[in-house]
Amino acid sequence: MRGDGILDSPHGDQINAAGVHKSGRLESRERWLVVLGVVLHAVYMLSIFDIYFKTPIVHGMDPVKPRYAAPAKRLVLLVADGLRADKFFEPDLQGQFRAPFLRSIMKTKGRWGVSHARPPTESRPGHVAIIAGFYEDPSAVTKGWKANPVEFDSVFNRSRHTISFGSPDIVPIFCSALSHSTWNTYPHEFEDFASDASFLDHWSFDQFKSLLNKSHEDLRLKKLLLQDNLVVFLHLLGCDTNGHAHRPYSSIYLNNVKVVDHIAESVYNLVEGYYKDNRTAYIFTADHGMSDKGSHGDGHPTNTDTPLVAWGAGIQNPKRLSQASHADDGFRFVDDHGHDMPTPVQWGLGGLERIDVNQADITPLMAAVLGLPCPVNSVGSLPLGYINLSKAEEAEALLANTKQVLNQFIRKSQLKQSNSLHFKPFKPLENYSLVLHQIEDLMSRGSFEPAMELSQNLRRLALEGLHYFQTYDWLMLMTTVTLGYVGWMVNLILHVLKFYTSLIDNAYKRNKAVVYSGSTTRKVDLCGCIVMGVLSTLLFLQNTPFLYHIYVSMTVFLWTQIWKDFEILKAIWRYMFSCKFSYLVKLFAICVLTVLILEFLVMSFSDRRLYTWCFLIVGVGAALFAFNNIRGPSFLSIFTLATCWFLSIFTLMPAEIPDNTQLVLASGAMVILVGVAGRWFDLRSGGNKYWFAIVDHDTMPPKVSKLFLFQVLLVCLSSGMVWLSTSHRTQKQELLTLHQIINWLVAGVSMGLPFFSPPSLISRLLSIFLGFAPPFLLLSIGYEALFYSALSLTLAAWILVECALLNLNKVKSFTMNDDDTKVKLNYGERYLQLPDLRVPLIFMILFNVAFFGTGNFASIASFEISSVYRFITIFSPFLMAALLIFKLFIPFLLVICALSALTKLMHIPRLGCYFIVILFSDIMTVHFFFLVRNTGSWMEIGNSISHFGIMSAQVVFVLLLFALTNLYTKDIKVGSSQLLFRKSN
């Protein structure tokens, strides 16, 4: 038999030179390889937290106190959680503005603008930016933004005393460990989405009012309230809760805007009446906005644009606009909005100067009006348009802000230099001390404008330097991890070539290569150990984290294993150039096509609708191919086209599956129709040469199976229980224990029945299809029940096309010589050939369709928990999660059962296919490794991590599913080639 490509044997009759048959040594090597893959992927999964999610916070900097008298003795910070800028500034339907008090402040006493938040627009990151001046520590992603992974400085820390009232999710973040604070929160039970949550805002104000009233009788409290550098923080949660529950365009949310305006007025009157000294500064803002759907988190303007109003001591009075419009100066805020954007006409503020800021800029503003050192971790820029100081004081405030950011840069530089053997400084700031002296000199001579310009430029460079040191190790770590993945993939390729193809044997035979001796192998191991020891020593001298040593050691180990096969690589290289040019072109074309398909699968994680186009096109292509090349079965091209187009519908469906019990019942009927059609095909196709191998009635005479009828009965029963259980739930009736017992029994018994089915390929796969249908139907709530049949039909089309192709090729080859028996491994398996790559590649496509055909597998939240209510109604998180995950795994089981059956049919090694699947998965894993995000919305960050994690876990996930499905498919029998040849004649 003539070979067909680089993985084939042109001679076809040689035993593999690298490993011969499936010996115990090979099985031991493969167990070792699987264990190595599991460890490698687990370790490299952790690397993203050292690369992308490393805390930017450093300690050890000295605070920089401004050298001017504080214009304010105290500051009141009001944060209306979830308040959108447009809903705050725009009028209602009657033309009345919802915040009359704060509008009067903007027009008569203070300054205003839009505060631009950076995603993730969540409550904790927003408050951290406002109060501490830096954008959320990305390492907090591992704690769900709920706890402080690293302690940080804040305006509250720098104050003499802080008084705070509000939500139990926000106030304790800043005050729980603060000794000089007075704070209180309402219980979590108060956050009731079924009611108007504006009472939470009144609660915060009432607590503060009560505290001031109490001070008239408590002299110690009175003394505390009269001291300077006092900060009052009221967290107003009403808008956020009402926005989630009722949407931001609802009357409840819009009325809550009026509530917070009234509270701001009440606080102002209360404080001014209490102190009577005009030394209080006030800042009103929001941590994030709210989308029309009642959610937040991403970078949409409705989430990032929040109102900012400041007035009182140290704050400038309003200014009229000097010109009608401003040209775009190229400046972009953290949410990527342009500077000097036009104010919407409906806001009615076109004549007033608007000063937009980044959310982190509020921190230095608060510190400046109180004369406090800016929090040492702040990256905010002092907004001079708000603060009311003389030119000299403005220059001093701006210099203090610059020194505070510069100190962070200096500290990071010192830490990195002390731990680096070859330190690379940030060149633009090598002479920062000279610039500081120049600024001081200009200020001493009264040249404040040039001094301020130099300060702003120096601060900008310091921020660039902070980013430089934050990503200082990225190149080393990403190179190490990428080389590790490449080394692992090369090891996989070599393993498949050595033990599952005839390539190595042919390469050795043609080039007369010499295999490394045991002593040479030991020398390679010794060199690898020396390199590993040297690199580990260098890392130790640089005080790098322990995991850095693991990353480097793993990579060196993998490339040491490759170096052991250096002679094999040379032999392959020589052999490739001795092959025909047409072989090399074919190999290159297949590699390029494979990579393009894998890149398509990567893109599908972001937009699963791509699968719709994929199956629409593949359906037409496969049908035309079957029509032109497989002349025998006339129905095959139509069947292939119909199944692919049917499957293409489901990736257009919404990820959140809507309830549709009628569709689930219809799906049960379709399962029965598919089962009957499959049984009819099994009984009627025994004499057809194309399907002889998969029906195999020579060993199993056709008959109406009682097992088949029983499985159909269970599908009918499960459909009936779906209707009965749903009826009880919709009528608010409790699901009877008897119903639950029946559902459990039906699901359990049906999954065990395929073990008793006939071992012919069609019979067994049909029994598996009917066996897993009842539990899937009982766990379905909508269109996903129909997806089960659509995926199964597509898998059937795949098997039929492969069977027809295989048998056509065999009939042609038998007329010359039956070489199939001469290129075999153990267990009746043959060597892999280049065209066989299509099998694991098609498997990857269908496996990913199983991921995303019924939702977004990367986000478990996209699946409806009500799908488990037919088995359990009492809240049990572990059992419910187990049932939900089991439901999601059933489509994967079908795909792997189909692959296992095809490996039996085509006599190709199952483990060889597994290793190729892992190879393809890791090509995608490397791509996802570079797509991990540490900025953006919580959903975007979480999805990027989950995509990388899903592909990394496939080395274990697919192996476990292979082991599980092997219980069902290990005894499948296919028709022999000799019998097929006799049938064809």
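The values are calculated or read from the model by the stated rules, or taken from the named source; none is laboratory data. Here the structure is a predicted model, which is why all the values come from computation and not from measurement. Heads up, the Cβs are rebuilt from the backbone with ideal geometry, glycines too, and the neighbour counts pull from every protein chain shown. Accessible surface is based on the protein model in full, side chains and every heavy atom, while ligands, DNA and RNA are left aside. Shrake-Rupley method; radii C 1.70, N 1.55, O 1.52, S 1.80 Å.
By a 1.4 Å probe calculation restricted to protein chains, E567 has an accessible surface near 40 Å², given to the nearest 10. Of the two radii for segment 335-420, the radius of gyration is 1.11 times the Kirkwood radius, both from the alpha carbons; that is the Rg over Rh value. Using a probe of 1.4 Å on the protein chains alone, the accessible area found for Y831 is around 20 Å². Shown for segment 252-323: the carbon plus sulfur share of the solvent-accessible area, taken with all protein chains present and a 1.4 angstrom probe, equals 46%.
Sorting 718-726, 587-595 by average packing, meaning the other beta carbons within 10 Å per residue, from highest down gives 718-726, 587-595.
Heavy-atom accessible area, probed at 1.4 angstrom with all protein chains present, ranks T479, T304 as T479, T304, highest first. Size descriptors for segment 239-338 (Cα atoms only): Rg and Dmax, in that order, 17.2, 46 Å. Among E449, E136, E191, the order of accessible area from largest down is E449, E191, E136, computed with a 1.4 Å probe on protein heavy atoms.
Reachable aspartates and glutamates from K586, Cα under 16 Å, same-chain residues fewer than 8 places away excluded? By straight Cα distance, K586 reaches D4, D8, D836.
What is the sum of charges, Lys and Arg at +1 and Asp and Glu at -1, for the other residues whose Cβ falls under 12 Å from the Cβ of F97? Within the 12 Å Cβ shell, the charges total +2. The protection proxy used here, the mean number of other Cβ atoms lying within 10 Å of each residue, ranks peptides 463-473, 177-187 as follows, highest first: 463-473, 177-187.
A Förster radius of 60 Å, combined with the Cβ-Cβ distance separating D86 from L584, puts the computed FRET efficiency at roughly 0.45. Going through the cross-link list K65/K319; K65/K209; K54/K293; K523/K570; K65/K107, which pairs have a Cα-Cα distance over 21 Å in this structure? Going by Cα-Cα distance, K65/K319; K65/K209; K54/K293; K65/K107 fall outside the 21 Å limit. Neighbours of I972, meaning other residues whose beta-carbon lies under 9 angstrom from its beta-carbon, give a summed charge of +3 when Lys and Arg score +1 and Asp and Glu score -1. Sorting M489, M532 by accessible area puts them as M532, M489; the probe is 1.4 Å, largest comes first, and only protein heavy atoms count.
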